[in-house]
Amino acid sequence: MVVSHPKPSPFAGVGVGLRRPHLEEVAALASASVPFWEIAPENVIGQGGTKARQAWTILERDPVLSHGLSMSMGGFDPWADETLSDLVAFLKRTRTPWHSEHLCWTSVGGANTHELLPMPFTKAALSHTVDRVKRLQDKLPVPFLLENISWYAELGEGEMSEHAFLNEVLERGDCGWLLDINNIYVNSQNHGFDPKAFLDGLPLHRVAQMHIAGHSWDEEDQLIIDSHGAPVIDPVIDLFQWVLPKVFEATGRAVPVLLERDNAIPPLAELLAEREKLQAAYDAALAPFAETKA
């Protein structure tokens, strides 16, 4: 099943990544306290015990988006039949509208590095990744999205820019785009380009979802690191508000945005307070479209 990009879905607003420290508290709620949750299937599939039961209580009660970590879209390791069947069963059980993975490679020789490693920006890597994208799409019961990643050093000599590589993968792979706005900001600061000019030339009509997160400064290496371990800073929120209307104009809808926090995870109340701040920014950016419809 190859699709160009997902159809409009009821998902909108700012959701939160469902994380282990919050499972008990969220499972005890009578209903969702956010528009949706996002979870990695790898954190649930094959798991047992109290935490798994709490996770499934939430996933079967509330709207959920699926975001994978280990399919290694740019890698060479084959996907095991059991891995694919487990993923398909998860997607059907959660009734998620799509599944996303990162535009990177994560494993080699059967060993998972647990890192999102950058692609070489070459024609061979492009063709290989496009083939992997199409093959995975054919195996999934829902549309497929690719997420742009942050990267800190080029993997060998490139034959094209990251901009051209990302554009070609999305168009030739005929898939949706999970636009990570923090990753574009991080890369723009580390590699010296204008993030708005970068976004202007990309296929925003393929965006079905967005990610936003905080980052940190590495003093030793003089780099911004996409750590997901701090609140989102104002320049990233500004870029987020700049691109939201453009995505709306390109897609005809308000796409869901996910607040990621994977390190230095705060109490749930603190995380939800940040979500509310981002929801206000989201609503303000899209207010002209709401007024037009009214």
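Computed from the coordinates by the stated procedures, all read-outs in this text should not be read as laboratory data. Since this is a predicted model, take the numbers as computed values, not measurements. Neighbour counts are summed over all protein chains in view; Cβ atoms, including those assigned to glycine, are modelled from backbone coordinates with ideal geometry.
Here are a few things to note about the model shown:
- Rounded to the nearest 20, the size of the Cβ-charge dipole of region 14-293 about its Cα centre is 1180 debye, with Lys and Arg at +1 and Asp and Glu at -1.
- On the principal axes of its alpha-carbon atoms, region 198-239 has extents of 38, 19, 16 Å, going from largest to smallest.
- Each part gets one Cα centre, and for region 73-145 versus region 234-294 those centres are 27 Å apart.
- Principal semi-axes in Å for region 14-293 [√(5λ), Cα gyration tensor, largest first]: 27, 25, 19
- When GluC sites (Glu not before Pro) are flagged only if DSSP places them in a loop and at most 12 other Cβ atoms lie within 10 Å, the longest unflagged stretch of the chain comes out as 1-156.
- Taking the Cα centre of region 197-294 as origin and assigning +1 to Lys and Arg Cβ atoms and -1 to Asp and Glu Cβ atoms, the resulting dipole is close to 700 debye.
- Region 188-294: C-alpha gyration tensor shape, a/c 1.5 cut-off, then a/b vs b/c: oblate
- For the listed residue pairs Lys51/Lys277; Lys51/Lys92; Lys246/Lys277, the alpha carbons are over 25 angstrom apart in Lys51/Lys277.
- Computed Kirkwood radius, in angstrom, where 1/r is averaged over Cα pairs of region 83-152: 13.5 Å
- Diffusion constant of region 41-192 at 20 °C, which comes from Stokes-Einstein with the Kirkwood Cα-pair radius and 1.002 mPa s, µm²/s: 131 µm²/s
- Entry note, the chain: relative contact order of 19 percent, from Cα contacts under 8 Å with a spacing of 6+ residues.
- Anisotropy class of region 147-197 from Cα gyration tensor, a/c 1.5 cut: oblate
- The Cα atoms of region 1-129 define a convex hull whose projected area, averaged across directions, is 9.4 nm².
- Only alpha carbons enter this Debye calculation for region 112-200, each as an equal point scatterer, and the log10 of I(q)/I(0) it gives at q = 0.13, 0.25, 0.26 Å⁻¹ is -0.45, -1.47, -1.51.
- Since only Ala40, Leu59, Ala287 are under comparison, the one whose Cα sits farthest along the positive direction of the charge dipole of region 14-293, derived from C-beta charges on Lys, Arg, Asp and Glu, is Leu59.
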